[in-house]
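Remarks on the structure that follows.
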Amino acid sequence: MANSRKTAFKVLLKIEQDGAYSNIALNNAVKESELSPLDAAFTSALVYGVLERKITLDYIIKQYSKIPLRKIELKTKIILRLGLLQMAFMDKIPESAAVNESVKLAKQQKLQKSSGFINAILRSFSRDNCKIKYSCPQMLVKLWINSYGEDNARGILENLSGRPNIYARVNTLKTNTDELISVLADDKVKAEKVDFPSNAVKIADTGSIERLKAYKGGLLHIQDLSSQLCAYFLCAEKGQTVLDICSA
């Protein structure tokens, strides 16, 4: 897992410094590092977790740091975000591992002076039981409370927490649902049927999608379930021309 953390750090640094696209930078880094499917999935969770919860992670840093956030070196800030993410939002990662690996990563990046600073903040956060809840701009939270009431606003925030499920559409010109699930299993990807529609599967632990045999063979398309339902209920017939005006 240590290599996963190092890879995630490099990706986040590239995004911050060069304005790289997260998915492209992540896929390239996973290929270069030759990560196992499990390590690739962990790297992906780290990168997207930091990007999605950056507001909250930076807020935590500000609560424990005597140095203003804007004055903290970028590399140090990224390592702190990674460590705090593991402690606050990843139940399977022991807090001690998150702290120790963060300090080790800092030393690998020749940030000896920052390693003590990183260690102090992470351990202080640990002593406070890693208490944190949501990651959302305050202005947006106030808007939801004013528009829908506090209980409904809390419900919205709860539903926004965590990563959404990933769904794939089965390419029925080349395979069927059962065969696709079997091919994905060969790549250690968890896949299961959904109740509706019939040609959709929910997948997890994918790592880089581009590495999958099913993806390379054109057996699936990554598509959100709501988008699949739109196409299903359209009931397009042979000979009709359909224009998707929201298409990427």
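The values are calculated or read from the model by the stated rules, or taken from the named source; none is laboratory data. Just so it is clear, the structure is predicted and the values come from calculations on it, not from any experiment. Quick reminder, even Gly has a Cβ in these numbers, built from the backbone with ideal geometry, and neighbours come from all protein chains shown. Each accessible area value is taken on the protein alone, full model and side chains, heavy atoms only, with ligands, DNA and RNA left out. Shrake-Rupley method; radii C 1.70, N 1.55, O 1.52, S 1.80 Å.
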Practice task
Being open to solvent by 80 Å² or more (accessible area, probe 1.4 Å) and either under 22 Å from Val30 (Cβ atoms) or of a type in the set (Asp, Glu) (or both) is the filter here, so list the residues in region 46-65 that pass it.
Solution key: Glu52
Practice task
Looking only at region 34-41, decide whether some residue is among the acidic types (Asp, Glu) and either within 20 Å of Thr76 (Cα to Cα) or buried (at least 19 other Cβ atoms within 10 Å of the Cβ) (or both).
Solution key: yes
Practice task
Return the pairs, sorted by first residue and then second, in which the second residue is open to solvent by less than 30 Å² (accessible area, probe 1.4 Å), the first residue lies in region 85-99 and is of a type in the set (Val, Ile, Thr), the beta carbons are less than 8 Å apart, and the residues are 6+ apart or on different chains.
Solution key: Ile93/Gln86; Ile93/Met87; Val99/Gly83; Val99/Met87; Val99/Leu122
Handout entry: Search result, residues across region 15-33 that are touching a residue at least 40 places away in the same chain (Cβ under 8 Å), touching a Ser or Thr at 6+ places or on another chain (Cβ under 9 Å) and surrounded by fewer than 17 Cβ atoms within 10 Å (Cβ to Cβ)
Key = Lys31
Problem - Residues being open to solvent by 40 Å² or more (accessible area, probe 1.4 Å) and closer than 17 Å to Leu51 by Cβ - total across region 66-111 - result: 3
Practice task
Given the conditions (1) among the polar types (S, T, N, Q); (2) open to solvent by 80 Å² or more (accessible area, probe 1.4 Å); (3) without any contact (Cβ under 8 Å) to a residue 60 or more places away in the chain, report the number of the one that Asn119 does not fulfil.
Solution key: (2)
Handout entry: In region 186-207, residue farthest from Ala231 (Cα to Cα) [restricted to those that are assigned to a loop (DSSP other than H, G, I, E, B) and small (Gly, Ala, Ser)]
Key = Gly207
Exercise for the section: Please identify the pairs in which a residue from region 162-185 that is more than 15 Å from Ala204 (Cα to Cα) and in a loop (DSSP other than H, G, I, E, B) has its Cβ atom under 9 Å from the Cβ atom of a residue that is open to solvent by 60 Å² or more (accessible area, probe 1.4 Å) and of a type outside the set (Lys, Arg), counting only partners at least 6 apart or on another chain. Expected result: Asn171/Asn199; Asn171/His221; Thr172/Asn199; Asn176/Asn199
Practice task
Give just the number: which of (1) of a type outside the set (A, V, I, L, M, F, W, C); (2) touching a Lys or Arg at 6+ places or on another chain (Cβ under 7 Å); (3) in contact (Cβ under 8 Å) with a residue 40 or more places away in the chain; (4) outside any loop (DSSP other than H, G, I, E, B) does Glu210 not satisfy?
Solution key: (2)
Problem - Residue list for region 160-219, filter: open to solvent by 70 Å² or more (accessible area, probe 1.4 Å) and small (Gly, Ala, Ser) - result: Ser198
Problem - When residues of region 30-78 are limited to those that are of a type in the set (Phe, Trp, Tyr) and under 18 Å from Asp205 (Cβ atoms), the one nearest to the chain's Cα centre (by Cα) - result: Tyr48
Handout entry: Enumeration of residues in region 102-155 that are of a type in the set (Ser, Thr, Tyr), in contact with a Lys or Arg (Cβ under 8 Å, 6 or more places away or on another chain) and not in a helix (DSSP H, G or I)
Key = Ser135
